[in-house]
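Values quoted throughout were computed directly from the atomic coordinates according to the rules given, and no laboratory measurement underlies them. It should be emphasised that the depicted structure is a prediction, and the values quoted were computed from it without experimental measurement. For neighbour counting, all protein chains shown are included, and Cβ atoms are generated from backbone atoms with ideal geometry for every residue, glycine included.
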Amino acid sequence: MADNFQGFQGFDIARRGYDRAQVDAYLADLTAGTAPEAPPAFDIARRGYDRTQVDARIAELRGGRR
């Protein structure tokens, strides 16, 4: 899965978005192949990652696992 970050520029910061530390930890586990079957319900935080972008990126990465 090492090539999953090729060309990836990161997420926009939103006024209210997904908790950045939680998303970063989940994506690290996902790329290492140790993530749980379903994505967690991320907490909503001030200045978090854009929710739509995170959801799309997770779907993209998980699509390669099936």
Most packed first (mean Cβ within 10 Å per residue), the peptides 34-45, 50-61 order as 50-61, 34-45
Output the relative contact order of segment 13-63, whole-number percent, from Cα pairs under 8 angstrom with separation of 6+ residues. 56 percent
